[in-house]
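Coordinate-derived values only; no laboratory data. What you see is a predicted model, and the numbers here were worked out from it, not measured in a lab. Heads up, the Cβs are rebuilt from the backbone with ideal geometry, glycines too, and the neighbour counts pull from every protein chain shown.
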Amino acid sequence: MNARVRWCASMLGVAMCVGAGVWPARAQAQEKEHVVTLDELNQQTARPAETRQTNEGAVRHLLSSDAGRQALQSAHVDYQRVDKAVGRLSDEELAQLANRSRQAENDFAGGLISAKTLAYIILATVVIVVIIVLVNKI
């Protein structure tokens, strides 16, 4: 009977050793599934800056177009001041203006609106930018 107890104790010891060796490997494999690579982190952190840059570009493109320059001149507004104000907008405000700017340019290019209507849209965009910047200063 003593031999049986030893044999069972030995088997239990072997099973525990095998289990102890497998458990960390299994846990490590699960951790690897949740690890984010440095490249993925860099891409995720760069994405908002790229989006903001794209949105600023859309608004600035509309304002710097021929129709935009004419609209700014007729309102006696300096492009540089408006350009500086665009940089002060929040991401959300900028995204909304960028969408409106893209839509206005697409409508103008597609012949859905006239140059005069585009000029009014540009002036409205300038007024919105100025108001937002002035409100943020207060």
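Taking a sphere under 14 Å around the Cβ of R47 and counting the other residues whose Cβ falls inside, with K and R at +1 and D and E at -1, yields a net charge of -3. Multiplying the residue separation of Q80 and V130 by 0.36 nm and removing their Cα-Cα distance gives an extension gain of 16.8 nm.
Charged neighbours of D78, selected by a Cβ distance under 13 Å, balance to +2 (K, R count +1; D, E count -1).
If you average over every viewing direction, what projected area does the convex hull of the Cα atoms of the range 70-113 give, in nm²?
On the way: hull surface 14.5 nm².
For the Cα atoms of the range 70-113, the hull's average projected area reads 3.6 nm².
Taking 0.36 nm per residue of separation and subtracting the Cα-Cα distance, full extension of the segment from Q53 to R4 would add 10.1 nm.
Taking one quarter of the surface of the C-alpha convex hull of the range 41-137 gives a mean projected area of 6.6 nm². Take the Cβ atoms of S90 and L38, set R0 to 30 Å, and the FRET efficiency comes out at 0.55. Near I131: Cβ cut-off under 14 Å, other residues only, Lys/Arg at +1 and Asp/Glu at -1. The net charge is +2. The label point for T45 and the one for Q70, both projected 7 Å from the Cα toward the Cβ, are 4.7 nm apart.
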